[in-house]
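J.: First the structure, then my questions, so here it is.
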Amino acid sequence: MERIAGIVVPSSVGPADTVSATSDRTFADVGYSPSAGDLRLSGADEIRTCLREISATASERVDSLIPTVPSTEALTSSLASDLRMVERGVRLRSLFPDHAKEATRITDYAEHVGRYGVEVRHGAVGQVRMVLFDSSVAVISAVTSGSSATPAALVTRTSGVISAMSSYFALLWARSGTISTDAAIRPGAAREASILAAVIAGKTDRAIAREHGVDERTVQRTLSTLRQRYGVNSRYQLVAEAVARGRATAT
């Protein structure tokens, strides 16, 4: 089986030295082998599609352990999906590595999404990328060697593994530092930000309305509000101004 690095799946999560000692173990090292119900993913497109589909069904909480500092493009591309989850009342928590707090794109991202209740922190995260959905399913990135290696991931619903991963995330989260701000959360702000992100992505009003479950007039009213807030007169100017400010959210 492929190596899954950085995953800690002991029966209980102990002190920091215990976590460190086990953080490079494979599932096999802790007596876990993928079951018939687990799904193996191969390739970035397949992984992104799977994450998008599971995100669409999340209802309570999504916890993400992110061992690298994503590009601005990656942060922007995931923003609309994240904010749609926020609209549904899903709690989002993202944990980046310690050095992420020094990256302007991460601090900007944390400030922007913090306005809508998304929690972003930095801390010791190990080498694994892990996303936990509603404490019932996890998507875990597998180690790939070399830039030409095909990305791989495992989707598991095994209760014991999910429980251990949830405990691991909780431990790291408790020891992490806050990046996000205390900006006030405005009613409807998440929808505004999600619509703006969709406009930046080049989507039409009709497509945006369909994605958000609203009519086109609602989208147009939202864009009118955003144009006033950004001090611009056209859709093109709105996109240009939002990108120039380094954000894809409404502020």
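Every number here is computed from the coordinates shown, using simple stated rules; none is lab data. Everything numeric in this text was worked out from a predicted model, so none of it was measured. Note that each Cβ is placed from the backbone with ideal geometry, even for glycine, and that neighbours are counted across all protein chains shown.
J.: Apply 1/(1 + (r/R0)^6) to the Cβ-Cβ distance of GLN237 and ARG61, taking R0 = 51 Å, and write down the FRET efficiency to the nearest 0.05. Numbers along the way, then the final one.
T.: Numbers: r = 37 Å, r/R0 = 0.74.
Taking R0 as 51 Å, the efficiency between GLN237 and ARG61 is 0.85.
J.: Now, a different point. Using unit Cβ charges (K, R positive; D, E negative) and no other charged atoms, how large, in debye to the nearest 20, is the dipole of the range 189-244 about its Cα centre? Mind showing how you got there, number by number?
T.: Values: 9 positive and 6 negative charges, 14 e Å.
Result for the range 189-244 is approximately 60 debye, rounded to the nearest 20.
J.: Expressed in nm², what is the orientationally averaged projection area of the convex hull enclosing the Cα positions of the range 46-107?
T.: Details: hull surface 17.3 nm².
Directional mean of the projected Cα hull area for the range 46-107 stands at 4.3 nm².
J.: On a full-extension model of 0.36 nm per residue, what is the gain between ALA44 and THR150, subtracting their alpha-carbon distance, rounded to one decimal in nm?
T.: Details: separation 106, 0.36 × 106 = 38.16 nm, distance 0.76 nm.
Here the segment from ALA44 to THR150 would lengthen by 37.4 nm.
J.: Counting Lys +1, Arg +1, Asp -1, Glu -1, what net charge surrounds THR204 among other residues with beta carbon under 12 Å of its beta carbon? The partial results should precede the final answer.
T.: Values: positive: LYS203, ARG206, ARG210, ARG235; negative: ASP205, GLU211, GLU216.
Summing Lys and Arg as +1 and Asp and Glu as -1 gives +1.
J.: Using 0.36 nm times the number of residues separating THR104 and ALA124, minus their current alpha carbon distance, what extension gain do you get?
T.: Values: separation 20, 0.36 × 20 = 7.20 nm, distance 1.91 nm.
Roughly 5.3 nm would be gained on extension.
J.: Highest mean first, what order results for 202-215, 121-134 on Cβ atoms within 10 Å?
T.: On the way: 202-215: 15.0, 121-134: 20.4.
Ranked from most to least packed, the peptides come out as 121-134, 202-215.
J.: Lys and Arg at +1, Asp and Glu at -1: add these up for the other residues within a Cβ distance under 13 Å of GLY177 and post the number.
T.: On the way: positive: LYS101, ARG121, ARG175; negative: ASP98, GLU102, GLU119.
That sum, taken over residues with Cβ under 13 Å, equals 0.
J.: With the dipole of the range 34-158 worked out from charges on the C-beta (+1 for Lys and Arg, -1 for Asp and Glu) around the Cα centre, which of VAL118, SER77, THR156 lies farthest toward the positive end?
T.: Checking the options against the dipole of the range 34-158, the answer is THR156.
J.: In the range 189-244, if every C-alpha pair distance is counted and binned at 5 Å from zero, what percent goes to each bin?
T.: Bin by bin from 0 Å, the calculated values are 4, 22, 36, 26, 11, 2.
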